[in-house]
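Q: To start, I am sharing the structure in question, which I have written as structure tokens.
The values are calculated or read from the model by the stated rules, or taken from the named source; none is laboratory data. Computed from a predicted model, the values in this text were never measured in an experiment. Heads up, the Cβs are rebuilt from the backbone with ideal geometry, glycines too, and the neighbour counts pull from every protein chain shown. Note: areas computed on protein heavy atoms with side chains; ligands, DNA, RNA excluded. Shrake-Rupley method; radii C 1.70, N 1.55, O 1.52, S 1.80 Å.
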Amino acid sequence: MKKFLPVLLIILLIFSGCSAGSTGATDNETLTITATIFPQYDFLREITKGADVQLDMLLPPGKEVHGFESTLSDIAKVSESDLFVYVGSEDDKWVEEVPSSGNTRLALTDIITEYDDEHVWTSPKNAIKIVWSLKDALCTLDPENAEIYISNTEKYVSELKKLDKSFEETVSKSENPTIVFAERFPFLNLAKAYGIKHYSAFEGCSTETEAGIKTINFLVEKVREEKIPAIFIIEFSDAVVAEKISEETGAEILQFHSCHNVTDEEFENGETYLSLMTENLENLKIALHKNAVGD
């Protein structure tokens, strides 16, 4: 998410009509929470089930996170929320220019301090740590609902641990834990956590959108050499490169969701981090265990 407001505008906004955020939920006030994107929004949604909170997400469903620009209302939400949770990546530098209103701000990259790229949530192992930290922050801000937060977190972490174990087992049973992404690869943390080898058209969340012939040919050769049965795209992909590789190799095209954001339909249907990552797991099983290309 990119900054676009001059510091002066932000200061004028905050001090000429926007009330400062409180330091916590007191006197039966509703705790207000804002998350920049879907992963932390969904974590918070799970932790706060049954508690009287107002939870908002800045990035609307259906929008690509890269190139998204914050608005005046976004800045106001940051200032007015009791708890603001963001990724802490280069795209979140705009947050540093929003004057403090005394609220609590928590970056995922401050929770997961050792990471291979800023998409720290893509590893369920990291997700577990993030959820515990979010629970702690909520309990500090809203001790009256601490029991709810603790109970929800324990149940949720139990499910995340099952997911983590399933990823470990899926990869450990593969003779060749290698995957190919026909585009960006925002899964370095997941790959490292589970020992997955990968090839991709672009590393991380590169701003490049078109792969050259050399890159496509390289990926085609890797699919053939490694006898890889399926190649991956991420959400909101046009799948152009994937289709070219599939035509050359016969490899199946599958989606591996980064959980950056969801479509309007997915949001309305109640998709969650757990449901999306479970679907990723099932597609990973196909890519690692299905009869290989060329067999």
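Q: Name every residue in segment 49-108 that is at pLDDT below 90, among the hydroxyl-bearing types (Ser, Thr, Tyr) and part of a loop (DSSP other than H, G, I, E, B), in order of residue number.
A: Within segment 49-108, 70, 71, 89, 100, 101 meet the criteria.
Q: Exactly one condition in (1) farther than 22 Å from residue 118 by Cα; (2) part of a helix (DSSP H, G or I) is not met by residue 278; state its number.
A: So the condition that residue 278 fails would be (1).
Q: Right, here's the next one. For segment 243-261, which residues satisfy the criterion of being modelled with pLDDT of 95 or more, within 19 Å of residue 190 (Cβ to Cβ) and open to solvent by less than 60 Å² (accessible area, probe 1.4 Å)?
A: Scanning segment 243-261 gives 254, 256, 257, 258, 259.
Q: Please enumerate the residues belonging to segment 101-117 that are charged (D, E, K, R) and open to solvent by 20 Å² or more (accessible area, probe 1.4 Å).
A: 105, 110, 114, 116
Q: How many of the residues in segment 152-184 are part of a helix (DSSP H, G or I), in contact (Cβ under 8 Å) with a residue 60 or more places away in the chain and either out of contact with any Gly (no Cβ under 9 Å at 6 or more places or on another chain) or aliphatic (A, V, I, L, M) (or both)?
A: Qualifying residue count for the region: 9.
Q: Considering only segment 191-215, state which residues are surrounded by 13 or more Cβ atoms within 10 Å (Cβ to Cβ), modelled with pLDDT under 95 and either on the phi > 0 side of the Ramachandran plot or of a type in the set (A, V, I, L, M, F, W, C) (or both).
A: Scanning segment 191-215 gives 201, 202, 204, 205, 211.
Q: If you don't mind, another one. Answer yes or no: is there a residue in segment 226-235 that is charged (D, E, K, R), surrounded by 14 or more Cβ atoms within 10 Å (Cβ to Cβ) and over 25 Å from residue 263 (Cα atoms).
A: Yes, some residue in segment 226-235 is charged (D, E, K, R), surrounded by 14 or more Cβ atoms within 10 Å (Cβ to Cβ) and over 25 Å from residue 263 (Cα atoms).
Q: Tell me which of these residue 102 doesn't satisfy, since it passes every other one: (1) out of contact with any helix residue (DSSP H, G or I) (no Cβ under 7 Å at 6 or more places or on another chain); (2) on the phi < 0 side of the Ramachandran plot; (3) of a type in the set (Gly, Ala, Ser).
A: Of everything listed in (1) out of contact with any helix residue (DSSP H, G or I) (no Cβ under 7 Å at 6 or more places or on another chain); (2) on the phi < 0 side of the Ramachandran plot; (3) of a type in the set (Gly, Ala, Ser), residue 102 misses just condition (2).
Q: Then there's this: Keeping to segment 118-144, report how many residues are among the polar types (S, T, N, Q) and surrounded by 20 or more Cβ atoms within 10 Å (Cβ to Cβ).
A: Number satisfying all stated conditions: 3.
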